[in-house]
1. Would you list, by chain and number, the lysines whose Cα falls below 16 Å from the Cα of A:Lys65, excluding same-chain residues fewer than 8 positions away?
2. How much FRET efficiency would the formula 1/(1 + (r/R0)^6) give for A:Leu14 and A:Leu168, where r is the Cβ-Cβ distance and R0 is 56 Å, rounded to 0.05?
3. Taking C:Lys635 as the anchor, which aspartates and glutamates have their alpha carbon closer than 18 Å to its alpha carbon, excluding any fewer than eight residues away along the same chain?
4. Where a Cα-Cα gap under 18 Å defines reach, which aspartates and glutamates qualify for C:Lys84, not counting those fewer than 8 residues away within the same chain?
5. Work out the FRET efficiency for C:Ala5 and C:Thr73 from their Cβ-Cβ distance, taking R0 = 22 Å, and round it to the nearest 0.05.
6. May I ask for the net charge around C:Gly368, where only other residues with Cβ less than 15 Å from the Cβ of C:Gly368 are counted and Lys, Arg are +1 while Asp, Glu are -1?
7. Roughly how crowded by other chains is peptide C:276-283, in terms of the mean Cβ count from those chains within 10 Å of each of its Cβ atoms?
8. Report Rg(Cα)/(2.2 N^0.38 Å) for segment B:25-103, keeping two decimals.
Amino acid sequence: MTRTLIWLPLLLFLAFFGLFASGLLKPDDHLINSRLVGQPLPAFSLPAAASDRPALDSTEFATGKPRLLNIFASWCVPCAAEAPQLLALKQAGVEIDAIAIRDARPDVDRFLTRYGNPYTRIGLDARSTVQMALGSSGVPETFVVDGRGKILHQHIGDIRADDVPDILKIVKDAR
Amino acid sequence: MKRLLALILLVFAAPALAQTALPPAPYADRQLDDPALEAKARDLMTTIRCLTCQSQSIADSNASLAGDMRSEIRQRIAQGEAPEHIRAWLIQRYGDWVSYVPTAAPILWPLWAAPLVLLFLGGLLVRSRIRRRRR
Amino acid sequence: MIAEAGLVALWLAAALAFLQLALAWFGLVGGKDELLEAMRPVAVTQGVLTGLSFLLLITLFVQSDMSVALVATNSHSMKPWLYKVAGTWGNHEGSMLLWVTVMGVAGGAVALFERALRRDTHMATLGAQAAISLGFYAFLLFASNPFARLETPPPDGQGLNPLLQDPGLAFHPPTLYVGYVGLSVAFSFAVGALLTRRVDAAFAKAMRPWVLAAWIMLTLGITAGSYWAYYELGWGGWWFWDPVENASLMPWLAATALLHSATVLATRDALRAWTIMLAVVAFSMSMVGTFLVRSGILTSVHAFAVDPQRGTFILGLLALYIGGALALFALRIGTVREGQQFELVSRETTLVINNLLLTVILGLVLIGTLYPLMTEAFGHKVSVGPPYFDRIVGPITLVLVMFMAAGPLTRWRKDRAKAVGTRMLVPAIVLVVAFVALGALAWGRMGILPFLGLTVAAAVAVGSVAPLWKRNLRRTPLFNWGMVIAHLGCAVSLAGMASDSAFTVEKLVAAKPGDTISTAGWTLHFDRIVPVAGDNWTALQGDMTVSRGNGAAVAIHPQSRFFTNPPTTTTEAALLTRWDGQLYVVLGQEAEQGRWQMRIWWKPFVTLIWLGGIMIALGGALALLGRERRGWVMKIRKRRAMA
């Protein structure tokens, strides 16, 4: 009994060592994914965020066609960086709706004139309420929603050029 | 001169650091009028983890999303929602990570059992050191 | 030239460490005790060289020598003088140099001053110290050279993280480091004792002052760090159970347990294996803490010098030294008798229970801190935060401090339960009276834990000074005073913690200049917002006057500071200290209509937390002084007797 017990500290240490090593080896992943992926989009209704785009309502997602829901803000620098990729997705025939977080209409208008406007509808979420309801933790983020209003995928952070094919594929598979 | 320059810089540079174009949400930094409700909200806020920070509760964070979450929580508490209901609502969206109070999920059972196990093992060890009967 | 000289000094020190290790090896294998005399100057010179190298790095920082890469990335020529000096250890390389310096100087001190230890154990101890030092020299010289030069020096440097530009940085990290690394001495003692199979009372007596010294510094470092976080982060919290904070707490818990188990070993020649184990664990916790802080595998508010590659190196050292020591423990400890058993009613029993509870708390803090890492391995993200630690560690701590007060009231070897009961009568009455009185006054207005905390603090405060009861105070030995003051400090600190969570009044307002705000008996008049400029920052400052009751008005100036190098905003809280608490005012963001967000806290007796910390350290210092002085006195007497 005591013979084996005295090796216990070393064994415990080795377990911790393994834990530390695995912690070092795993890729740095501080992203918090939404738990709603695979579930229906929560119900919401937001006023229009831009002068020339209509408001956004969650019922508009269950229309038989998959759509992207982009979470962005005019004050967010990476959002400007992902604008070309969103335009490319729009070109490829993907419908994109958006929610502008903690924003104001003149700022959104200016942002859209400067970086292009790939959006069909834009809702204004001034207090991040819908962002919370979606389980989204920052800007920009993009959700893929299928034709029945179910969330299929969440992309956290700006969409880079090499992410575009993956997102296109998810949208295509949803049809 | 350098100081003056720095002051001018300060005035113009401040908005560039902002995380939002809007002022904070109504109840982000405003307490509820009823102290009992405010205490309830405060207890909940100190145990909800800020999503955009390193390792802070939303009660201790300047991040604008944390401010919006505080406002949301205060408003819901004011409407009579139970704090644990709000916590469950958040966990449903962000997972167990968002709650600083470890939940009762099976993966957390060992964590809750740890104090009992350690005290029990320690107790055994101590008992072996103490003489049972006086000689 | 200075940088090169520093590097040369470092290489020489490393070479001497190697020589020291070799001497220990030959001395032990060949049974040549006289080699110890040769090791002494080697160890001392090594300490001097590391100290020299560290002083040279400070010189480079003070001179703002931007051709040195470390200075260029972590300093700025416009920075105030104090922060140039403090900048030396406000980064990875500099703090690792501080680490080896403390290790080298501590090794030199062990060589120079330690006279009580058997010669072979002394040699093995110095050899072990050299072996650990070598690993850290290698880390410094091959992976984090602080003296590396730049080919094209920048004119000004990149500056230091503004959160670190605070007097707190000048004091907190070095103190904590001396404590952290000072525990390496305890580790070397344990390895030395295992190698030479000399685990006995004499060994514990020799080790105790070194542990005590490191523990005093750790206590001061943690106290200072907590106060620093309290005023610098601007949220009124003083302990967040953040991974980095836990990393500093764990060595302290282990060292506290070690201090008490070493006393049992020194007095009763028991708890041998346990004391050795704690000595190894204490320094392991220092290394694990450093690993956790530097590797970035856990997210923290206080994240510092994060780099996974450095993490790998530290993990390697961790495996080598801790794994090696634990293997040695397993191989050798079977030959060490555990010593006598104890009577149930005896001071030994209270000390063993104290050790058990401290170790359980240590285990829980370790598990709680690492648990998110464990679940992540299973793809499940969780957070373990203040609510868990408060609920779990809080109650155990209350039991622990009650045993702490009971220990000194119990006799060594064997005591009568009835006599102990009599001695504890007064603290027990205080406990009951405090419980009833506080319950009648404030039941339902505070949480159960703060309520129990205040009650227990009152009883433990009385129990801590009870050992002085009916004693001739002038003839009470200094180390008894030390123990009493340290234990009283725990009660004081506990009272502060409980009072802060029970009675703090928080007020959040959006106020315009000209507004008057009243909260918790204080009246605060918001006069105006003015821009101010410091050496390397500008700030928006709120000019306010506060008064309480009919008392005189005092001006306070909370600021929102903006640093340009690197660009960062910090809040500088205004703290107003009174005998019965602290007023804490923070100027927040600008809100609509010319209003400013303000956070105001009145924290009754919060300062007791740190006062208690200082008392604990002071008690340790008195105990150290008392024991050492007794040693000197006895030596002088012996010398006189021989003459």
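The values are calculated or read from the model by the stated rules, or taken from the named source; none is laboratory data. In this text, all values refer to a predicted model and were calculated from it rather than measured experimentally. Backbone-built Cβ (ideal geometry, glycine too); neighbour counts: all protein chains shown. Areas reflect the complete protein model, heavy atoms only, side chains present, ligands, DNA and RNA absent. Shrake-Rupley method; radii C 1.70, N 1.55, O 1.52, S 1.80 Å.
1. Once the sequence-local lysines are set aside, what remains near A:Lys65 is A:Lys90, A:Lys150, A:Lys169, A:Lys172.
2. Efficiency computed from Cβ-Cβ geometry: 0.75.
3. Within the straight-line limit of under 18 Å, C:Lys635 reaches these aspartates and glutamates: C:Glu114.
4. C:Asp65, C:Glu93, C:Asp156, C:Asp166, C:Asp535
5. 0.55
6. -3
7. 1
8. 0.99
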